Amino acid sequence: MANLIINKLYGIIGSSLTHSLSPLIHNYLFKKYKLNNFYGVFEFDESNLKEVINSIRTLNISGLNITFPFKEKLIPYLDKIDTSAQRVGAVNTIKNTNGKLIGYNTDIIGVRKTIQNRFKLNIKGKSVLMIGAGGAARACLVELFRQKTNNIIIVNRNGATARKLIRSCENISNSTRIIYLNINKLNNLDKIEQLEQIDILINSTSASPTFLKRTIKRLLKNKCLKNTKIFDLNYGSRALSKNQIDFPNRYVDGLYMLTAQAAASFKIWTGIIVEPDDIYKYVNRKLRDKKYA
Ligand code: NAP
């Protein structure tokens, strides 16, 4: 009989986790590094958040990833949050050290590694157009400010949310110029002063791929979007499919970001440094073999 006793327990908490790739990634890494640990899925509804956080201590769960809708809501129940999570105002990784729960945000690293490793781009002094103004947009902004991006234009359906996001960044935005553009005025990009070229378009909305396809089509009427790279945070069925992409060399979906943020969580928990490329290749292989839907 197989040995069912595991050393440490990890997992992901959220409200809808059927398609999460995190168990696949972390159980692969535990096996690869011969750690007798296990990564599970803990799906529950919002009203139980406090009890769930307390049970991390009771059950001695060593670490967790956090996803929608708890990334911000769980902060009051943690013992400490590190600078990354303070900057984003959201936690996607918890480490339990002797009952003390510390929150981190590794999405910032996911954004950084995607821009560096997939686009091979240094965004210092460059211009970025971001569609969306939710939690993931905030993680992108923190990284863009860190890299001293020159211009950021935020396009969002709800203007009040976008303006609130911009206001909340005032103390960290250093020299970056950041403005809001109404989603109905996408044709006006060329008219923005001192903006000749958009280097990256980031889609941080949770809208359908059809929305992104339609929006890109409208945006491409602007000259400043001629050679723009497109970073879509969505992956799997939520990203553009092959036949929806007109410029495959310029489009990267969110799967690499997912693997890079997972590698960063794994390092927080185990101290082991893992290259996102290794995880990325493994996950792609599994998805291709359709062994993981
Ligand atoms: P969120 O906080 O709920 O924000 C959602 C954003 O999408 C808002 O700006 C919202 O606009 C916009 N939106 C939603 N439906 C829309 C529609 N039909 N048309 C236009 N805009 C729409 O979500 P989030 O946490 O930022 O996550 C955003 C996406 O990023 C999700 O799909 C998530 O899976 C993905 N993500 C990926 C990774 C990764 O590792 N690859 C990491 C984090 C997040 P309004 O403000 O106007 O409502």
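The values are calculated or read from the model by the stated rules, or taken from the named source; none is laboratory data. Since this is a predicted model, take the numbers as computed values, not measurements. Here Cβ is always computed from backbone atoms with ideal geometry, including for glycine, and neighbour counts include all displayed protein chains.
What the table shows:
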read-out	value
Test set (1) closer than 29 Å to Lys34 by Cβ; (2) more than 10 Å from the ligand (Cβ to nearest atom) - Leu258 fails condition number	(2)
Filter result for Thr205 (polar (S, T, N, Q), in contact with a Leu (Cβ under 8 Å, 6 or more places away or on another chain) and not in a helix (DSSP H, G or I))	yes
Given (1) in contact with a Phe, Trp or Tyr (Cβ under 8 Å, 6 or more places away or on another chain); (2) over 30 Å from Ile166 (Cβ atoms), index of the condition Asp82 fails	(2)
Count of the stretch 197-218 residues which are in contact (Cβ under 8 Å) with a residue 40 or more places away in the chain and either crowded, with 18+ Cβ neighbours inside 10 Å or acidic (Asp, Glu) (or both)	10
Test result for Asn174, modelled with pLDDT under 90, more than 16 Å from the ligand (Cβ to nearest atom), assigned to a helix (DSSP H, G or I) and surrounded by fewer than 17 Cβ atoms within 10 Å (Cβ to Cβ)	no
Boolean, Arg163 is farther than 26 Å from Asp253 by Cβ, under 22 Å from the mean Cα position of the chain (by Cα) and exposed (fewer than 13 other Cβ atoms within 10 Å of the Cβ)	no
Condition met for Tyr235 (away from the ligand (no atom under 12 Å from the Cβ) and of a type in the set (Ser, Thr, Tyr))	no
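Here is a yes/no grid of residues against (1) assigned to a helix (DSSP H, G or I); (2) not β-branched (Val, Ile, Thr):
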position: Ile5; (1), (2): no, no
position: Gly11; (1), (2): no, yes
position: Ile53; (1), (2): yes, no
position: Gln86; (1), (2): yes, yes
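Yes or no, residue by residue, for (1) farther than 15 Å from Phe231 by Cα; (2) part of a helix (DSSP H, G or I); (3) modelled with pLDDT of 95 or more; (4) of a type in the set (Ser, Thr, Tyr):
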| position | (1), (2), (3), (4) |
| --- | --- |
| Lys113 | no, yes, yes, no |
| Gly125 | yes, no, yes, no |
| Val155 | no, no, yes, no |
| Tyr180 | yes, no, yes, yes |
| Leu186 | yes, yes, no, no |
